[in-house]
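The values are calculated or read from the model by the stated rules, or taken from the named source; none is laboratory data. Predicted model only: the values in this text are computed from it and were never measured. Note that we place each Cβ from the backbone using ideal geometry, even for glycine, and neighbour counts take in every protein chain shown.
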Amino acid sequence: MPPGEDVTGFEEVPTGRFHVEGGLRGRTARGVIVNSAFQVGFSALGLVQRFAVAAFLTVSEFGIWGLVLSTLITLSFLKQIGISDKYIQQDEADQELAFQKAFTLEFVYTLCFCVVIALVLPLYALAYGRPEILVPSLVLALALLGTVLQTPTWIFYRRMQFGRQRLLEGINPVVGTAVMVSLAASGAGYWSLVIGMLAGNYAAGIATMIASPYRLAFRLDRGALREYVGFSWPVLAAGGSGLLIVQGTLLISNYAIGLAGVGALALAASLLTYTQRVDQLIARSIYPAICAVRERRRVMFEVFTKSNRLAIMWGLPFGLSMLLFAPDLVHFVLGERWQPAVPVLQTMGLLVGIGQIGVSWRLFYQASGNTRPLAVSAAVALVAFLFVTAPLIFVLGLTGFLIGMSVTFVGDLLVRAYYLRALFADFQPLHHLLRGIAPSLPAVAAVLLARLAYQGETTFDVALAEFLLYVGVTIIATIAFERSLLRELIGYLRGGRSRPGGIFVESSEELAA
């Protein structure tokens with residue numbers, strides 16, 4: 001296929017960017033809505049998957065899985081070094097060649113990393129004093145090679161063919177959930193999670209490789225290597241910091257509070273995993289458009305504010321729901337053996353909910369080509385862990401972990417506000433905080449008032465009625481507070497055009513203005 005030609009309906013411009021029939025603005029805004037609805041379902045499936053499997057596993061078995069899952073978190077942190085982000089940002093004339101360069105770097109890095117992981121896994125098992133995690137962790141490491149086969153999804157992502165991208169990515173959670181729940185119900189224990197994750201990754205990888213519009217080939221280029229390294233080292237540093245925090249938390253908790261405590265942390269981590277997946281969908285759905293307008297700060301700021309409101313629209317009510325209903329979830333669904341996890345679920349729910357405010361800030365710095373603030377943010381989190389969280393876990397156990405996480409969360413918000421103000425002169429942190437919290441307050445107040453009015457025993461029917469009240473008031477309040485944004489997005493979804501000055505630019509001509 002000649003450079004610049006795109007048989008999928010995109011017309012590439014000389015810079016390597018493209019304009020989309022109907023306008024980049026409308027395409028991107030519709031993509032945020034359609035992709036969000038599409039992927040939120042799969043993310044919710046993943047959350048249900050965790051709780052469904054937990055119903056078949058003991059707390060100790062889930063604790064073993066928590067230790068095994070730390071290996072997966074290790075892989076994901078250090079593997080996400082920004083190669084895909086740099087590929088989206090590049091403007092080469094020959095896009096097939098550009099993809100092959102990025103694919104080569106991804107393959108080489110992943111292969112080297114698999115070798116390193118195989119060498120250090122015995123040290124992890126020795127450090128935890130849990131030799132039983134070695135074999136499932138080695139098997140789980142094989143899933144990493146399956147992710148390399150999914151590299152062609154980057155092509156659809158850059159072209160903003162979100163439907164095809166999400167469909168291919170959705171194979172993983174569907175296949176994985178089916179395998180996990182089936183094996184867990186048959187008594188496979190934590191192996192159901194390991195095998196299910198492996199099956200989901202390779203099923204998605206094989207399907208993506210078949211669907212790739214470009215030929216998978218190796219193209220090692222020194223110039224591309226230097227460019228990618230310059231972009232990626234801060235991302236790698238940030239991933240390394242996250243790795244130390246996660247591994248340190250699990251290692252210390254394993255000895256300080258035992259497997260039951262680790263199981264509670266692993267269950268709470270499912271909340272963070274769920275919110276991160278949805279956050280990445282909402283924010284990163286617009287990443288190609290952000291790259292296209294990265295020289296126009298006014299447009300970038302509008303993209304940030306409206307995408308931020310979308311993230312808060314679902315994320316904060318979800319987090320607050322865990323604060324209100326975690327005791328009911330444990331009592332009526334998971335069982336009383338999970339009672340120690342209640343304060344962990346409540347605190348983590350509150351933190352990840354409020355944490356939706358400005359959550360996509362890193363994405364805008366990556367689009368601008370400046371990834372160093374990511375390393376600074378990670379360094380602040382690492383310092384908070386070493387000097388606050390780690391000592392408190394030894395002294396106070398799970399309570400110390402929650403206090404430390406709260407301190408880390410406040411530090412992250414301050415760093416986030418500083419860099420957003422540096423990037424956008426019009427950014428007002430307090431305004432964004434108050435605007436983000438306001439739509440959720442009526443729903444919380446309604447539930448609390450209902451509980452004050454009802455003094456009887458909390459049965460399953462009562463808990464369900466309170467939850468439905470919370471959902472209903474949340475929907476009404478969100479429509480009341482965000483009706484203008486919702487009206488604009490619905491217009492895009494129906495194929496209409498935005499008013500001038502809306503979310504995104506209309507065409508390549510406006511990009512060049």
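Figures for the structure shown
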read-out: Positions within the range 126-153 being surrounded by 19 or more Cβ atoms within 10 Å (Cβ to Cβ) and over 19 Å from Gly200 (Cβ atoms), in sequence order; value: Tyr128, Ile133
read-out: The range 301-319 - residue that is over 15 Å from Gln428 (Cα atoms) and modelled with pLDDT of 85 or more and, of those, surrounded by the most Cβ atoms within 10 Å (Cβ to Cβ); value: Leu316
read-out: Unmet requirement for Ala44, which otherwise passes all of (1) in contact with a Gly (Cβ under 6 Å, 6 or more places away or on another chain); (2) modelled with pLDDT of 75 or more; value: (1)
read-out: So Arg337, is it modelled with pLDDT under 75, farther than 24 Å from Leu469 by Cβ, of a type in the set (D, E, K, R) and surrounded by fewer than 20 Cβ atoms within 10 Å (Cβ to Cβ); value: no
read-out: Close pairs from the range 228-248: first β-branched (Val, Ile, Thr), partner not in a helix (DSSP H, G or I), Cβ under 8 Å, at least 6 apart; value: Val235/Gln80; Val235/Ile81; Val235/Gly82; Val235/Thr371
read-out: Residues of the range 339-354 satisfying the condition of being over 15 Å from Ala269 (Cβ atoms) and of a type in the set (S, T, N, Q); value: Gln339
read-out: Matching residues in the range 141-186 - criterion: being charged (D, E, K, R) and on the phi > 0 side of the Ramachandran plot; value: none
read-out: Residue check, Ala188 buried (at least 23 other Cβ atoms within 10 Å of the Cβ), among the small types (Gly, Ala, Ser) and assigned by TED's automatic domain parsing to the domain that holds Ala98; value: no
read-out: Unmet requirement for Met180, which otherwise passes all of (1) farther than 23 Å from Asp85 by Cα; (2) modelled with pLDDT of 85 or more; (3) touching a Phe, Trp or Tyr at 6+ places or on another chain (Cβ under 8 Å); value: (3)
read-out: Boolean, Phe113 is buried (at least 19 other Cβ atoms within 10 Å of the Cβ), closer than 27 Å to Ala237 by Cβ and more than 20 Å from the chain's Cα centre (by Cα); value: no
read-out: Subset of the range 366-398 that is exposed (fewer than 15 other Cβ atoms within 10 Å of the Cβ) and more than 25 Å from the chain's Cα centre (by Cα) - its residue that is nearest to Ala422 (Cα to Cα); value: Phe387
read-out: Whichever residue in the range 154-177 is β-branched (Val, Ile, Thr) and within 16 Å of Met209 (Cα to Cα) and, among such residues, is surrounded by the most Cβ atoms within 10 Å (Cβ to Cβ); value: Ile155
read-out: Members of the range 135-151 that are touching a helix residue (DSSP H, G or I) at 6+ places or on another chain (Cβ under 7 Å) and not polar (S, T, N, Q); value: Pro136, Leu138, Val139, Leu140, Ala141, Leu142, Ala143, Leu144, Leu145, Gly146, Val148, Leu149
read-out: Residues within the range 437-491 that are part of a helix (DSSP H, G or I), charged (D, E, K, R) and exposed (fewer than 14 other Cβ atoms within 10 Å of the Cβ), tallied; value: 4
read-out: Candidate set from the range 334-370 (those that are in a loop (DSSP other than H, G, I, E, B) and touching a His at 6+ places or on another chain (Cβ under 9 Å)); member that is farthest from Val229 (Cα to Cα); value: Ile357
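Let's see how each residue does on (1) part of a loop (DSSP other than H, G, I, E, B); (2) small (Gly, Ala, Ser); (3) under 24 Å from Arg215 (Cβ atoms); (4) at pLDDT 80 or above:
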site: Lys86; (1), (2), (3), (4): no, no, yes, yes
site: Asp91; (1), (2), (3), (4): yes, no, yes, no
site: Leu97; (1), (2), (3), (4): no, no, yes, yes
site: Phe113; (1), (2), (3), (4): no, no, no, yes
site: Ala118; (1), (2), (3), (4): no, yes, no, yes
